[in-house]
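Rule-based calculations on the coordinates, nothing more; no lab input. Here the structure is a predicted model, which is why all the values come from computation and not from measurement. Cβ coordinates were reconstructed from backbone atoms using ideal geometry, including for glycine residues, and neighbour counts include every protein chain displayed.
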Amino acid sequence: MTSTNHIAAGTIAALAFAFATTATATAAVHVGGAPDPVVQAARTYAQFWNTGDPALARAALAPGFIDRTLPPGRAQGPDGPLQASRTFRAAVPDLRAEATDIVAEGDRVAVRLHFTGHFTGTFDGRQGHGEPIDFQAFDLYRVKNGRIAENWHLEDNLTLLRQLGAR
């Protein structure tokens, strides 16, 4: 096994440990030898999801940012997350996003986000009536020059859509 494989195996083991040991963590977990700007980019982007502040997204994302798991209809580049945040906050105005785990190694950062709020706005023509929203997402970032250059993400959209009454 090469040293790169050992690093990857160690990172995967750290991820598995972090995710298995706490489903309700209140503080982010930091593992590995990532430089501080890598972790800071992830923290800034998590704060964007928590607040919806476009300045935070612009600070965290590289101008040439690429979403490698781009949903249909979402713009590529930094405009995509800004669009997604506006749409989501129209449905869930009190949206909160907590980075429950941050695991970093080299130029990669894995982040588990816990989203909560209440569906009081509109989504896909449906009006919310205060239904609780509670779901998780997982992101993997590649950071270059202190900003997120690439993102791969998975959200528990089935849970979210059920909570929004769309499925």
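With both labels modelled 7 Å from their Cα along Cα-to-Cβ, the T87 to A75 distance reads 1.3 nm. A simple rule links phi to the HN-Hα coupling: the Karplus curve 6.51 cos²θ - 1.76 cosθ + 1.60 with θ = phi - 60°, which for region 129-139 gives 10, x, 4, x, 10, 7, 8, 10, 9, 10, 10 Hz, with x for Gly and Pro. The slack in the chain from N157 to D53, taken as 0.36 nm per residue of separation less the alpha-carbon distance, amounts to 35.2 nm.
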